[in-house]
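The structure appears below as structure tokens.
Coordinate-derived values only; no laboratory data. For clarity, every value in this text was computed on a predicted model and none was experimentally measured. Glycine gets a Cβ as well: all are built from the backbone with ideal geometry, and neighbour counts include every protein chain shown.
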Amino acid sequence: MSEALQPHIPFLTSGSYPVRAGNTLRPLIDGENAFRRICEAVETARHSVWLTVAFIADLQMPDGRGQPFDVLDRAVARGLDVRVLFWRPNSDQYVTSTFGGTPANRETLRGRGSRFRVRWDRAPGKYCQHQKSWVIDAGHPSETAFVGGMNLTAKGMGSQGHAGGISRHDIYLEVTGPSAADVHHNFVQRWNEASERALSNGEWEDDGREALPFPKLLSRSHGSSLVQIQRQMPAGRYSDARPSPGGQPYAIADGERSILEQYIKAIDAARRSIYIENQALPVPEISIPLQAALERGVDIVFLAPAEPEPYVRQDRHSPEQKERFDRIAGLGGYENFLLAGIAAPNAEGQRSSIYVHSKMMLVDDGWATIGSCNLHPYSLFGNTEMNVTFWAPEVVRALRCSLLAEHLGQDTGTLDDRAALALYRRTATENRRRRDGGDTNWQGLAFRLDPAAYAD
């Protein structure tokens, strides 16, 4: 690409996958929309359905489709090649809502007669195999991929708990075009080296010996968006450096940190606006560049859970996390910064917080990243993660307008990015004033949070 055509948010030159042109992108906001579209793609698949799963429990797919395993079993019955990579927690990790291949999990599969193929994969130490991806018809002309942050859980659906809407906010992205081959490559790399594949309890309907072929050809051009698939991968976990089509060999044995690198480059290059949604407040590696952006006049809105999880409250009072929270408090001293939460009316006429589970950032109405990566130490320094990063002004602007319509209850289609974030600040500040006064009659969902008191 010529220098004249380079966008001001720089491309990464490191990482497993190159920037690719010719993609179509479809953001899918919140669980019902995302899972409905994924089910449609599975039901029209012609060859294969491959997915990576971190957490799964109690999810009912939209429109009476049943549980995720029902959707997968029906795909197998149609003759499709269906494969699932499940995270297997280590013995000292006390986590729930996983399908780690325990005797009870295997009995569930046996009782159902499930014949989709499974391999289980561990992460090192205290970390998680946190990717959430689907590849439909890998390597065929109908190939498409989905990457995001939603878990296959009832909470992931986010459709219960409020009279006026969702109880959990999240996002997925459908990618059709050449970059779908990189999501395909990621699955093959992990499937072939899944940690448990050679163990008697480390696979299902699979002997653990077959190696999937890496993709040899790119999916055909399907649109106009520039896309790069980016990852966080731990060192020493995978070793096969064979490249994706048209890419270069990458020393994956050394690990990959392209999501973190891209976040920093995008924040450093921002000229006008940064809009972030994340389940976690950022580590200093992110908050320091955010402060620099504020000082040069960039408008920033950060949407986070208004009611953080217990571990966040514990971190708030941990000496090891003091710098992280002090820097967040410092961001609150800038007029062009807003920390916000969202809350919807409940059946009792009060407001209940909507849990923000999304992991995304929009910059200057022209660049975005969406995926599984939180801005906390686990995702950035140990988990396996995947994001889709894209340089696509029409897609980014439309996504910004859709998100703000949900959160502000107002159309920002006639506003530029800075004016839209200024409206966000005004609306959230007024809604906080009403909330503090006991008035639940707000405009939209968003309300201001105090960075200095967050999780205290």
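With charges only on Cβ, +1 for K and R and -1 for D and E, what is the dipole size of region 1-126 about its Cα centre, in debye, rounded to 20? It would help to have the intermediate numbers written out before the result.
On the way: 18 positive and 13 negative charges, 102 e Å.
Dipole magnitude for region 1-126 comes out near 480 debye.
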Rounded to the nearest 0.05, FRET efficiency between Gln60 and Arg433 (Cβ-Cβ, R0 41 Å) equals 0.60
Over the Cα atoms of region 260-453, how large are the radius of gyration and the largest Cα-Cα distance (Dmax), in Å? 16.0, 46
Any idea which of Ile38, Gly113, Leu80 is furthest toward the positive side of the dipole for region 29-182, if Lys and Arg beta-carbons carry +1 and Asp and Glu beta-carbons -1? Gly113
Counting Lys and Arg as +1 and Asp and Glu as -1, each charge on the Cβ, what is the dipole of region 260-453 about the Cα centre in debye, to the nearest 20? 300
Putting +1 on Lys and Arg Cβ atoms and -1 on Asp and Glu Cβ atoms, find which of Phe390, Asn374, Gly333 reaches farthest to the positive end of the dipole of region 260-453. Gly333
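Quick one: work out the % antiparallel among DSSP beta bridges in region 252-358, nearest 5.
Working: 4 of 13 bridges.
Expressed as a percentage, antiparallel bridges in region 252-358 total about 30.
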Compute the distance in nm between two label points, each set 7 Å from the Cα along the Cα-to-Cβ direction, one at Asp456 and one at Lys126. 2.5
Of the beta bridges DSSP finds with both residues in the chain, what % are antiparallel, to the nearest 5? 70
Taking a threshold of 23 Å on the Cα-Cα distance, which of the pairs Lys155/Lys359; Lys126/Lys265; Lys265/Lys359; Lys155/Lys265; Lys132/Lys155; Lys132/Lys359 fall above it? Lys126/Lys265; Lys155/Lys265
Compute the length gained on full extension between Val95 and Glu210: take 0.36 nm times their separation in residues and subtract their Cα-Cα distance, giving the result in nm to one decimal. 38.4 nm
What is the Cα centroid distance between region 208-261 and region 313-330, reported in whole angstrom? 35
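Packing-wise, with mean Cβ within 10 Å as the measure, how do 306-312, 209-215 rank, highest first? Don't skip to the answer; put the middle values down first.
Values: 306-312: 15.4, 209-215: 13.6.
Put in order of decreasing packing, that is 306-312, 209-215.
Summing -39500 (n - 2.57) over the DSSP H runs of n ≥ 4 in the chain and dividing by its residue number, what mean residue ellipticity at 222 nm do you reach, to the nearest 500 deg cm²/dmol?
On the way: 12 runs with 133 residues, N = 456.
Per the formula, -9000 deg cm²/dmol.
Could you calculate the FRET efficiency of Ala104 with Leu199 from 1/(1 + (r/R0)^6), where r is the beta carbon distance between them and R0 is 22 Å, rounded to 0.05? Working shown, then result.
Details: r = 17 Å, r/R0 = 0.78.
Given R0 = 22 Å and the Cβ-Cβ separation, E is 0.80.
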Express as a percent, rounded to the nearest 5, the fraction of DSSP beta bridges in region 1-140 (both residues included) that run antiparallel. 30
Length gained when the stretch Asp81-Ala405 is fully extended (0.36 nm per residue, less Cα-Cα span): 112.7 nm
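Under a Cβ-only charge scheme (Lys and Arg +1, Asp and Glu -1), can you give me the dipole magnitude of the chain about the Cα centre, in debye to the nearest 20? Before the final figure, lay out each step's value.
On the way: 51 positive and 55 negative charges, 77 e Å.
Computed about the Cα centre, the dipole is about 360 debye.
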Along the charge dipole of the chain, Cβ charges K/R +1 and D/E -1, which of Asn186, Gly438, Ile300 sits furthest on the positive end? Asn186
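If the convex hull of the alpha-carbon atoms of region 23-208 is projected onto planes in all directions, what is the mean projected area in square nanometres? Walk me through the numbers on the way to the answer.
Numbers: hull surface 43.0 nm².
So the mean shadow area of the Cα hull is 10.7 nm².
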Over the chain, what is the relative contact order in whole percent, taking alpha-carbon pairs under 8 Å and six or more residues apart? 18
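Quick one: net charge around Leu260, please, counting Lys, Arg +1 and Asp, Glu -1 for every other residue with C-beta under 14 Å from its C-beta. Walk me through the numbers on the way to the answer.
Values: positive: Arg231, Arg257, Lys265, Lys359; negative: Glu256, Glu261, Asp268, Glu285, Glu385.
Residues close to Leu260 contribute a combined charge of -1.
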Check: C-alpha center region 76-143 vs C-alpha center region 38-60, spacing in Å is 11
